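Chemist: There's a structure below that I have some questions on.
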Amino acid sequence: MTIARVDRRSQRSPARSGATGATHGKDSSALRRRQRRRSRLTALAFLAPLVVYLAAFYLYPLYRNLDLSLRDYTVRSFVAGDAPFSGLDNFRTVLGDPTFGPAMRHTMIFTFVSIAFQYVAGLALAVFFNRHFRLAGTLRALFLIPWLLPLIVSASTWSWMFNSESGVINYALHLVGVSPVDWLNSPDWALTSVVIANIWIGIPFNLVILYSGLQNIPAELYEAAALDGASAWQQFRRVTFPLLRPVSAITLLLGLVYTLKVFDLIWIMTKGGPGDASSTLATWSYQLGFGTLLPKFGPGAAVGNILILIALVFGLLYIRVQRRQEA
């Protein structure tokens, strides 16, 4: 009888152990699900402030600007909120306006000329500081001052320097025997003045990004090129510039998106004038919406949306380039 009982217990023990293992498996899976749920809730808790910030300061203003461009707003209807829907009429008005062509042309000139000179000067300075000579860090820090200054300070300083009567630039021209130039009040020189100021402001950004890119190029490549008899220019053309192309692409695209929407510098220096000589899409949008006693909210918002669309195209191009570099 004893042997039979032992055999029965031995036959039942595997089943019991299997049931116990299944129970532990269910408990562990339930525990993992709870942990994953807690991780998701924690992640959502951290994301919530960012989502609220983006919705309040980006999505809602974009929605309001789009709504403004699709309705016939006046001062009364803007306050009352009962502006009639006008569809694409504001965009047709803007595209048919004589100011649209010059504003678009000035925007392109201001953007691409600024970007070209900022990149060339920034690259030259980055290569210069990459030599690691004495006081290189101090000088590099001093070159960041234009980037760190508030734009209102930079624009006011350049306005004083370009002053036709008391500006230091005309004084310097007088010392070398050149006639003074009416920089800010001449239709021929107003756009050039704001481009020069914007180039000065944007050079430090290019310097910082390109200098960081140069730090990632192995020194062994330059040593091998020098052993092969390559000159300094050949090293730059064959080693530095090709390896710097990914960083250069990001620098140019970021600068492009930023420069497209520059407003405060131009407005402080010339207010888009004289006439429309230095007006861009950004300044024209402000003039339409806030620059007159009878503001044109709809057309002003339409110009702003056109500028947003242009910047969005280049922003998507930047994302595509960045993904290609990460792949």
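Chemist: I'd like to know if segment 115-129 contains one or more residues that are within 30 Å of ASP67 (Cβ to Cβ), surrounded by fewer than 18 Cβ atoms within 10 Å (Cβ to Cβ) and under 21 Å from the mean Cα position of the chain (by Cα). Lay out the reasoning, then the answer.
Modeler: Going through segment 115-129, the residues within 30 Å of ASP67 (Cβ to Cβ) turn out to be none.
Taking every residue of segment 115-129 in turn, none turns out to be within 30 Å of ASP67 (Cβ to Cβ), surrounded by fewer than 18 Cβ atoms within 10 Å (Cβ to Cβ) and under 21 Å from the mean Cα position of the chain (by Cα).
Chemist: Ok, one more. Do we find a residue being assigned by TED's automatic domain parsing to the domain that holds THR259, in a helix (DSSP H, G or I) and more than 26 Å from LYS271 (Cβ to Cβ) anywhere in segment 148-168?
Modeler: Residues of segment 148-168 assigned by TED's automatic domain parsing to the domain that holds THR259: 148-168.
Restricting the remaining residues to those that are in a helix (DSSP H, G or I) gives 148, 151-161, 168.
If we keep only those that are more than 26 Å from LYS271 (Cβ to Cβ) too, we end up with none.
Within segment 148-168 (the criterion being assigned by TED's automatic domain parsing to the domain that holds THR259, in a helix (DSSP H, G or I) and more than 26 Å from LYS271 (Cβ to Cβ)), the answer is no, since none of the residues qualifies.
Chemist: Check whether at least one residue in segment 137-145 is assigned by TED's automatic domain parsing to the domain that holds ASN216 and among the aromatic types (Phe, Trp, Tyr), and report yes or no.
Modeler: yes
Chemist: Follow-up. With respect to TYR73, is the statement that it is under 30 Å from GLY273 (Cβ atoms), touching a residue at least 60 places away in the same chain (Cβ under 8 Å), out of contact with any His (no Cβ under 6 Å at 6 or more places or on another chain) and part of a loop (DSSP other than H, G, I, E, B) true? Before the answer, list the steps.
Modeler: On the way: under 30 Å from GLY273 (Cβ atoms): yes; touching a residue at least 60 places away in the same chain (Cβ under 8 Å): yes; out of contact with any His (no Cβ under 6 Å at 6 or more places or on another chain): yes; part of a loop (DSSP other than H, G, I, E, B): yes.
Yes.
Chemist: From (1) surrounded by 16 or more Cβ atoms within 10 Å (Cβ to Cβ); (2) of a type outside the set (Gly, Ala, Ser); (3) assigned to a helix (DSSP H, G or I), pick out the condition that doesn't hold for GLN234.
Modeler: (1)
Chemist: Based on this model, can you work out whether VAL178 counts as part of a helix (DSSP H, G or I), farther than 26 Å from PRO299 by Cβ and in the same structural domain as LEU294 (by TED's automatic domain parsing)? Reasoning before the result, please.
Modeler: Details: part of a helix (DSSP H, G or I): no; farther than 26 Å from PRO299 by Cβ: yes; in the same structural domain as LEU294 (by TED's automatic domain parsing): yes.
No.
Chemist: Still on this structure, I have one more. Looking only at segment 292-321, how many residues end up being of a type outside the set (A, V, I, L, M), more than 15 Å from ASN65 (Cα to Cα) and in contact with a Leu (Cβ under 9 Å, 6 or more places away or on another chain)?
Modeler: Looking only at segment 292-321, we keep the residues that are of a type outside the set (A, V, I, L, M), and these are 292, 295-300, 304-305, 314-315, 318, 320.
Those left that are additionally more than 15 Å from ASN65 (Cα to Cα): 292, 314-315, 318, 320.
With in contact with a Leu (Cβ under 9 Å, 6 or more places away or on another chain) added as a condition, the list becomes 314-315, 318.
Total meeting the criteria: 3.
Chemist: Quick one: count up the residues across segment 274-284 that are of a type outside the set (D, E, K, R) and more than 10 Å from PHE263 (Cα to Cα). Full working, then the answer.
Modeler: In the first step, residues of segment 274-284 are kept if they are of a type outside the set (D, E, K, R); the result is 274-275, 277-284.
Filter once more, keeping what is more than 10 Å from PHE263 (Cα to Cα): 274-275, 277-278.
Number of matching residues: 4.
The values are calculated or read from the model by the stated rules, or taken from the named source; none is laboratory data. Small disclaimer: the values here were computed from a predicted structure and weren't measured. Virtual Cβ from ideal backbone geometry, glycine too; neighbours counted across all protein chains shown.
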